[in-house]
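A.B. asks: Before I ask anything, here is the structure I am working with.
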Amino acid sequence: MSTPTAPTPLTRQRPVPVIFERGAPGRIGYSLPASDVPEVPLDSVIPAAHRRAHPAALPEVSELDVVRHYTILSHRNFSIDEGFYPLGSCTMKYNPKINEDVARQAGFARLHPYAPEDLVQGALEMVWELERAMAEITGMDRVTFQPAAGAHGELTSLLMIGRYYAEKRERRSTVIVPDSAHGTNPASAAFAGYRVVEVKSDHRGNMDLDALKAVLNQDVAALMFTNPNTLGLFEEHILEVARAVHNVGAQLYLDGANFNAILGITRPGDQGFDIMHLNLHKTFATPHGGGGPGAGAVAVRSHLTPFLPVPTVERDGQRFTFDYERPKTIGKMRAFYGNFGNLVRGYAYVRSMGASGLREASEMAVLNANYLLARLREHFDVAYDRVCKHEFVLSGRRQRDRNHVTTRDMAKRVLDYGFHAPTIYFPLIVEEAIMIEPTETESLQTLDAFVDALVAVAREAETDPELVRTAPHDTPVTRLDEVTAARKPDLRWRPERSGVPSRA
Amino acid sequence: MYPKELRYSKEHEWAKVEGKRVRVGITKFAADRLSDIVYVELPSVGAEVKFMEPFGVVESVKAVSDIYAPVSGKVVEVNAALVEKPETLNTDPYGAWMMVVEPSNPAELDQLLDAEAYTAHVGEGH
Amino acid sequence: MKYIPATAAERERMLAAAGVRSMEDLFRDIPEEARLTRPLDLPPALADPDLLAHVRELADRNTDCDRLACFLGAGAYDHFVPSTVAHLALRPEFLTAYTPYQAEIMQGELQAIYEYQSMMCELTGMDVANASMYDGASATGEAACMAVDLTKRSEVLISTAVHPEYRQVLRTYTGHLPITVRELPARGLTSVEAARAAITDATAALIVQSPNFFGAIEQGEALAQAAHDKGALFVVAIAEPISLGILRPPGEYGADIVIGEGQSLGNALNFGGPYLGVIATREQYVRRMPGRLVGRTVDTAGRPGYVLTLQTREQHIRRAKATSNICTNESLNALIAAVYLATLGRHGVAHVAESCARKAHYARERITGLRGYELAFDAPTFNEFTVRCPMPPAEINRRLLTHGILGGLELGRFYPEYDDCWLLCVTEQRSRKEIDRLVDHLEALR
């Protein structure tokens, strides 16, 4: 059984000055050539009225100052490269190094988006091939990579659905979501101008079919579904759900965030979905970058292809082109074409894995999750007693009721054991929710160590609850005053600041 | 537990009749559930509010709640001090009033709960 | 399969512990009709050396800006990126980290983004900047929604001198909402008189870009006044933030919201993405600003620390009433920008900006000195300018390409009325020799 690790290196513990506090007036950290064009008065280049009176108050630091600053900051960051993230709904699988080498080469990274098509045939072919691969993986007809993230893909999809009905001259103003939906679902629907209706889940964790049918009518534009759902469970009635939705002429949308459970096993197109999004930064191993960039893909059946954002990538023999001549397009969701740098990583991943590798990934993701569930179920309440898919939900209810130790407290204590915490308080329909998703890239040894840590924390909740309630103890900072941060937001450095802000 | 002279909405606002005006706030139950309140958004003086429709927002670190008008009418006073110190909603929910309304339809007050009925309502775990 | 560590023996142990006999048992709740009964039809898996060879072959069929003298801008810029950027911002501790919801173990990322927010405030002259949006174009859409929300007005007026793709995205973002987007025609510069005439009591915001798509520096102060006189917000889009190294920041001339594209700040051209959406505003509007925000606070021991704050505005809490639906953003690109700005610093950013301005000015003078070439618009410029050409710009570009020169944007692509016009960009990366070579080739073209 593991105990909290040895004291962390000093660099992790000491507060780090902000970069503005480093350096000295006049110090520089850059190297640029002197001007090689004729010297003319600056006023004739840019009139004084348009020029800054003072340079922006950016840091004045040497290159070594910069290197030390960000190196030390990097030591105060947890990452997949360091340890396990059991975060449900995030699919924190390993980000292969080779994909970085592939994406950073000049032949991809140094392409200007408006370069003539002749100069970017390799890039266009890659995007075309990736589209073909994603269409096959999802069982859909066409795919766009324009969205920058999953939520962006949700919005793109909802706008396409809106155009679809506008073309048919049908007024539909409602979108249905399950009560377990990820927050981006209702947010995207509201942003797209829809009224949101929630339908509850049943005792098995499926969407309540009767409750769904009660709200399905001609005003419904779409049901936004997640399958497997956010409880980590496969929606057993999916075919009936699809029938019911199509019976009222509505669209069935898949939030594909949980796709890591089903690669090569089932396809949304075959389940009856009309449109969906994928998160390349989840299922397809592109790095999360501390919060982004991701890459979203939207895959559609053919009745929705006219509405795809422009441009699409088309193939004519050996030549690849952009197609902007799409009169029914919704338009554009961002400038240019998509997060191309991440499409390259996703492409490299798909080519590395192949069909059997992708299927094996899903199988192991699901087995790893069920293994953890089996080992943890006696120590925590289980939300739904079913075989799970790639993730599962526990509840910290028992520890809260018996020991006044909350899920938040336990999550913070997990940090002391050298793991990232699981997802907590989501989905909203489970009290004191703890959602765990191991992914296929973690070894049995890591999973066992994680179980040991969680079991230890559960035990501490009984024997030493105060230790858990005041966790974390071994991290660079302890719990932060979020109330003051929200009441009196300090969102930027100001030079006149001195010392440390006081607690309210 | 809940002041007897106040009337209560099911959404946890209190209303205090002061002659031809009604003073409005949120109950201790609501403030406790939100825990540390960090921000309050209130309407401007002169704004119209509608019975049981949102008139503002109360924010804590982890949640945001709409607040619903217990009567329709015109806003004649707003508690600017509350915006400065939203935490008083936690320490003194019945003193930290939010707005004063000139009701357009006083009959609506009859739809509100008295202290006993409200106690029973929150007892049901709403 | 190297990314799947489980051995066959471990699989068996885990199946047993999970209480199932086979992998198939874990998928029995998937209806038969929905099961895939064949392998996915994908090309066979490539081992690492083969993967590298395959993508090298694809990359070799591209001609990138390392092999060309790039005079093309139009929303994506070829700037010098110091070596510190890749070595620091792309450290795996930053690259492979998740969103910093567990703040205690993510102080590095949070502090770096707090510093980034501060740097963007310094550059733009605004009070608060967020932790990134997707890109400049989508930030424009979100800023319009924010302005409508703040003013409770339903119209947005946008100059046609704003990047055409930003305007297209704005229409896509608002077309289905009760928001009217009106375009204010601009010929090179946005006319202050025309703006005054077009802004009404229903206008939530006037949106301009400076320097604008034609390269011209807008009359920011007068346009701000025109907007404010009617109670509308003044929104400035910055497609080329290096310009802020030398130009007056929008915060000083009346902007209420600044949106922008941070690609210029250390981010690779990357064929259009990932890029860096910027949004910054005045303190009183902060709670209506979309996206993540990092705030500084203290821990239980009184030590300074950083945390995501004002999260209640965001999708994971506010859900249907969120300020936006954004979740994953462009954090790493913001970090890249921070390292870039820290490395260049106060003096370096000014140096780069001045270098761009001087070289562009030199190119402008030499090209307009050629017979048949003239400046299309009479306005001050930064590192881009529009030239009227004696032959179709497409033809010029075709011929220049044979000499390893990537020419400017053919304006006719977006503005049919300017189909004889050419948008040239000159950054600090273009040497005098390259500029002279360009001019020589133009001269020889006739």
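None of the figures in this text is laboratory data; all of them are computed from the coordinates on show. Model, not experiment: these values are computed from the prediction. Here the Cβ is made from the backbone with ideal geometry for all residues, glycine too, and neighbour counts use every protein chain on show.
A.B. asks: Roughly how far apart, in whole Å, are the Cα centres of segment C:108-143 and segment B:95-113?
C.D. replies: Their Cα centres are 43 Å away from one another.
A.B. asks: Using a Cα-Cα cut-off of under 30 Å, which lysines could be cross-linked to A:K93, ignoring same-chain neighbours fewer than 8 residues away?
C.D. replies: Those lysines meeting the cut-off are A:K282, A:K389, A:K412, B:K62, C:K2.
A.B. asks: Right, here's the next one. Shape of chain A from its Cα gyration tensor (a ≥ b ≥ c, root eigenvalues): rounded if a/c is under 1.5, otherwise prolate when a/b > b/c, or oblate? Walk me through the numbers before you get to the answer.
C.D. replies: Details: a/c = 1.69, a/b = 1.05, b/c = 1.61.
Oblate, since a/c reaches 1.5 and b/c is not below a/b.
A.B. asks: Residue by residue through C:14-26, how many Cβ atoms from other chains fall within 10 Å of the Cβ on average?
C.D. replies: Numbers: counts 10, 3, 2, 8, 12, 5, 4, 0, 0, 7, 1, 2, 11.
Shielding by partners across C:14-26 averages 5.
A.B. asks: Which ordering of A:V350, B:V61 is given by a fewest-first count of other beta-carbon atoms within 10 Å? Provide the component values of the computation, followed by the final result.
C.D. replies: Numbers: A:V350 26, B:V61 23.
Result, fewest neighbours first: B:V61, A:V350.
A.B. asks: Going by Cα centres, segment B:1-71 and segment C:382-438 are how many Å apart?
C.D. replies: Between the Cα centre of segment B:1-71 and that of segment C:382-438, the gap is 62 Å.
A.B. asks: Please report the antiparallel percentage of DSSP beta bridges with both residues in the protein assembly as shown, rounded to the nearest 5. Present the calculation step by step, with values, prior to reporting the outcome.
C.D. replies: Working: 80 of 117 bridges.
So the antiparallel bridges amount to about 70 percent of the total.
A.B. asks: Could you line up A:D65, C:D201 from fewest to most neighbouring Cβ atoms inside 10 Å? Before the final figure, lay out the partial values.
C.D. replies: Values: A:D65 20, C:D201 9.
Fewest-to-most Cβ neighbours within 10 Å comes out as C:D201, A:D65.
A.B. asks: Can you sort C:R296, A:R494 by how many other beta carbons sit within 10 Å, fewest first?
C.D. replies: In increasing order of surrounding Cβ atoms, one gets A:R494, C:R296.
A.B. asks: Let me spell out the model: positive unit charges on the Cβ of Lys and Arg, negative unit charges on the Cβ of Asp and Glu, origin at the Cα centre of segment A:338-407. What dipole size does that give, in debye rounded to 20?
C.D. replies: On the way: 11 positive and 7 negative charges, 23 e Å.
Roughly 100 debye, rounded to the nearest 20.
A.B. asks: Something else: Take the alpha-carbon centre of segment A:58-120, take the same for segment A:170-210, and report the distance between them in whole Å.
C.D. replies: 35
A.B. asks: Helix-derived [θ] at 222 nm for chain B: sum -39500 (n - 2.57) over DSSP H runs of at least 4, divide by residue count, nearest 500?
C.D. replies: Numbers: 4 runs with 25 residues, N = 126.
For chain B, the value works out to -4500 deg cm²/dmol.
A.B. asks: Is there a simple number for the mean count of other chain Cβ atoms within 10 Å of the Cβ of residues in A:348-359, and what is it?
C.D. replies: Values: counts 6, 2, 5, 9, 9, 6, 8, 8, 6, 7, 5, 3.
Average neighbour count from other chains, rounded to a whole number: 6.
A.B. asks: At 20 angstrom or more along the helix axis (alpha-carbon based) and mean Kyte-Doolittle of -0.5 or higher, what helices does chain A contain? Whole DSSP H runs only. Walk me through the intermediate numbers first.
C.D. replies: On the way: long enough: A:121-138 (25 Å, 0.08); A:150-167 (25 Å, 0.08); A:340-376 (40 Å, 0.25); A:444-463 (28 Å, 0.62).
The answer, listed by residue number, is A:121-138, A:150-167, A:340-376, A:444-463.
A.B. asks: Could you tell me which of rounded, prolate or oblate describes segment A:178-223, using a ≥ b ≥ c as the square roots of the eigenvalues of the alpha-carbon gyration tensor, with rounded for a/c under 1.5 and, failing that, prolate when a/b is larger than b/c and oblate otherwise?
C.D. replies: Numbers: a/c = 3.49, a/b = 1.34, b/c = 2.60.
Cα axes put segment A:178-223 in the oblate bin.
A.B. asks: Could you work out the local net charge near C:G188, counting Lys and Arg as +1, Asp and Glu as -1, over the other residues with Cβ closer than 13 Å to its Cβ?
C.D. replies: Working: positive: C:R187, C:R388; negative: C:E218, C:E374, C:D378, C:E384, C:E417.
Summing Lys/Arg as +1 and Asp/Glu as -1 gives -3.
A.B. asks: Give the Kirkwood hydrodynamic radius (Å, one decimal) of segment A:98-352, defined as one over the mean of 1/r across all pairs of different Cα atoms. Walk me through the numbers on the way to the answer.
C.D. replies: Details: mean 1/r = 0.0538 Å⁻¹.
The Cα-based Kirkwood calculation yields 18.6 Å.
A.B. asks: Now, a different point. Roughly how crowded by other chains is peptide C:168-175, in terms of the mean Cβ count from those chains within 10 Å of each of its Cβ atoms? Before the final figure, lay out the partial values.
C.D. replies: On the way: counts 8, 6, 2, 3, 11, 8, 1, 7.
That average works out to 6.
A.B. asks: Return an integer: the convex hull volume of the alpha-carbon atoms of the protein assembly as shown, in Å³ per residue.
C.D. replies: Values: hull volume 180.6 nm³, N = 1076.
Residue-normalised Cα hull volume stands at 168 Å³.
A.B. asks: Just how many % of Cα pairs in chain B lie over 20 Å apart, if you round to the nearest whole percent?
C.D. replies: Values: 2897 of 7875 pairs.
In whole percent, the share of Cα-Cα pairs in chain B beyond 20 Å is 37.
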